[in-house]
Amino acid sequence: MNILAPTNDGSNTLFNEMIGEHYHSAHGALQESKHVFIDAGLKYAHQLYPAQDLSILEVGFGTGLNFILSFAACSEWSVPLNYTGIEAFPLSKETIQQLDYEKFVPNKIWESFIYNYENSLIDKQKLIEGTELAIIHQKLLDYKSNEKFDIIYYDAFSVRHQPEMWTDEVIAHACSFLKDGGIFVSYAITGNLKRALKKCGLQIEKLPGAPGKREMIRGQLIVYS
Ligand SMILES: C[S@@+](CC[C@H](N)C(=O)[O-])C[C@H]1O[C@@H](n2cnc3c(N)ncnc32)[C@H](O)[C@@H]1O
């Protein structure tokens, strides 16, 4: 059902035959992840809140590429990271290992991720360098929690292939887990997504997209008291 596929920057991704889409941009999995989630999301939040631990909610944990890059960045900054991924169809550890992402992060980061991957699907695990990982084996709409996050990585399959992940209801559900001042980033940008985020109280910005995409979106939840 998932086929290993190389992308144009030399990094691998998976092609999901049922959905008919790659897990990452075919122009480059690694460069998309760095551009959208690390640079526009994590680094931006770290600049806004430099003295703070960071918490991230990822919608669509998939291969864990966004996680390992976030883990490596936070480890470099000595920032404790609390990471929750929501994933309706978790991949096997063997599939993740085949992707060869270990070359993109220091060995200790990769080893800590792989060692804890399966247990993080059961409950939250303490990895090295103050990082915690929980992968919630659920559909986004079934996820209920009182926990709020500094950043949401919204990395669902595209609206063309999985429109149910982009409805106002689903976007509002995701945004209900953002802290005041929290950041939402996604590789996608559509009129409907912009409207849905504004309805949730987010101020939005269009940013240049990763190679192959003109634009991407970043939002910030502004709560007026
Ligand atoms: C574009 S891929 C994610 C790529 C991932 N962030 C990565 O770096 O590998 C979308 C992911 O969303 C998951 N997914 C599909 N429907 C979902 C749902 N209703 N709730 C949560 N995850 C879902 C898929 O199984 C897939 O792993």
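Looking at the range 86-105, is at least one residue out of contact with any Gly (no Cβ under 7 Å at 6 or more places or on another chain), closer than 28 Å to residue 50 by Cβ and without any contact (Cβ under 8 Å) to a residue 24 or more places away in the chain?
no
Do we have any residue at all in the range 147-160 that's touching a Pro at 6+ places or on another chain (Cβ under 8 Å), under 22 Å from residue 50 (Cα atoms) and not in a helix (DSSP H, G or I)? Before the answer, list the steps.
Within the range 147-160, the first condition is being touching a Pro at 6+ places or on another chain (Cβ under 8 Å), and the residues that meet it are none.
No, the range 147-160 contains no residue that is touching a Pro at 6+ places or on another chain (Cβ under 8 Å), under 22 Å from residue 50 (Cα atoms) and not in a helix (DSSP H, G or I).
Quick check on my filter: what residues within the range 27-49 are within 12 Å of the ligand (Cβ to nearest atom) and either over 19 Å from residue 72 (Cα atoms) or not small (Gly, Ala, Ser) (or both)?
30, 32, 34, 36, 37, 38 - these are the residues of the range 27-49 that are within 12 Å of the ligand (Cβ to nearest atom) and either over 19 Å from residue 72 (Cα atoms) or not small (Gly, Ala, Ser) (or both).
Considering only the range 151-190, state which residues are within 10 Å of the ligand (Cβ to nearest atom) and either aromatic (Phe, Trp, Tyr) or without any contact (Cβ under 8 Å) to a residue 24 or more places away in the chain (or both).
Within the range 151-190, 153, 154, 157, 164, 187 qualify.
Can you say whether residue 62 is within 11 Å of the ligand (Cβ to nearest atom), among the small types (Gly, Ala, Ser) and within 26 Å of residue 178 (Cβ to Cβ), as far as the supplied structure shows?
Against the criterion (within 11 Å of the ligand (Cβ to nearest atom), among the small types (Gly, Ala, Ser) and within 26 Å of residue 178 (Cβ to Cβ)), residue 62 qualifies.
When the residues of the range 124-146 are filtered to those that are of a type in the set (Asp, Glu) and over 13 Å from residue 85 (Cβ atoms), which remaining residue is farthest from the chain's Cα centre (by Cα)?
Among residues in the range 124-146 that are of a type in the set (Asp, Glu) and over 13 Å from residue 85 (Cβ atoms), the one farthest from the chain's Cα centre (by Cα) is 129.
Give me the pairs: first residue in the range 22-39 and of a type outside the set (Asp, Glu), second residue within 12 Å of the ligand (Cβ to nearest atom) and at pLDDT below 95, beta-carbon distance under 9 Å, and six or more apart or on different chains, which are they?
Within 9 Å, no pair qualifies.
The values are calculated or read from the model by the stated rules, or taken from the named source; none is laboratory data. This one's a predicted model, so the numbers in the text were calculated from it and none came from an experiment. Using ideal geometry, Cβ is built from the backbone for each residue, glycine included, and neighbour counts are taken over all protein chains shown.
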